[in-house]
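The values are calculated or read from the model by the stated rules, or taken from the named source; none is laboratory data. Because the structure is predicted, anything quoted here is derived from the model rather than measured. So basically every Cβ, Gly included, is an ideal-geometry build from the backbone, and we count neighbours across all protein chains shown.
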Amino acid sequence: MTRHRTEPEPVAKVFGDAVRRERKELGLTLEQLGERFGRPDGKYLGEIERGFHSPTITMAKQIADALGLPLAMLVADLDK
């Protein structure tokens, strides 16, 4: 049985906040960004942005590429 988180995971939340910030700067919806890397339903990205899903490093890189950014920019706030 899968457990659902009731609170965001802190590291995932920092990453998700960065993804949301950059996505909105580009004027993209969740679905539009998802289409750029093969997950157009928006639900998966929504869970990432809220910190309820931690993507694999491969998926994180695909998200960064879809945003046109180096992955390091999406994780830079982890050091703060």
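A quick yes/no check of all residues on (1) touching a His at 6+ places or on another chain (Cβ under 9 Å); (2) under 20 Å from residue 6 (Cα atoms); (3) assigned to a helix (DSSP H, G or I):
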position: 41; (1), (2), (3): no, no, no
position: 44; (1), (2), (3): yes, yes, yes
position: 47; (1), (2), (3): yes, yes, yes
position: 51; (1), (2), (3): no, yes, no
position: 55; (1), (2), (3): no, yes, no
position: 58; (1), (2), (3): no, no, yes
position: 64; (1), (2), (3): no, no, yes
position: 69; (1), (2), (3): no, no, no
position: 75; (1), (2), (3): no, no, yes
- Which one is surrounded by the most Cβ atoms within 10 Å (Cβ to Cβ), of the residues in the stretch 39-65 that are small (Gly, Ala, Ser) and in contact (Cβ under 8 Å) with a residue 12 or more places away in the chain? 51
- Just for the stretch 1-38: of the residues that are hydroxyl-bearing (Ser, Thr, Tyr) and exposed (fewer than 12 other Cβ atoms within 10 Å of the Cβ), which one is modelled with the highest pLDDT? 6
- Query: For residue 11, all conditions in the list (1) free of Cβ contacts under 8 Å to residues at least 60 places away in the same chain; (2) touching a Leu at 6+ places or on another chain (Cβ under 9 Å); (3) among the aliphatic types (A, V, I, L, M) hold save one; what is the number of the exception?
  - Reply: (1)
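Please determine, by comparing only the residues of the stretch 16-57 that are among the polar types (S, T, N, Q) and closer than 18 Å to residue 78 by Cβ, which one is nearest to the chain's Cα centre (by Cα).
Residue satisfying both the conditions and the ranking: 54.
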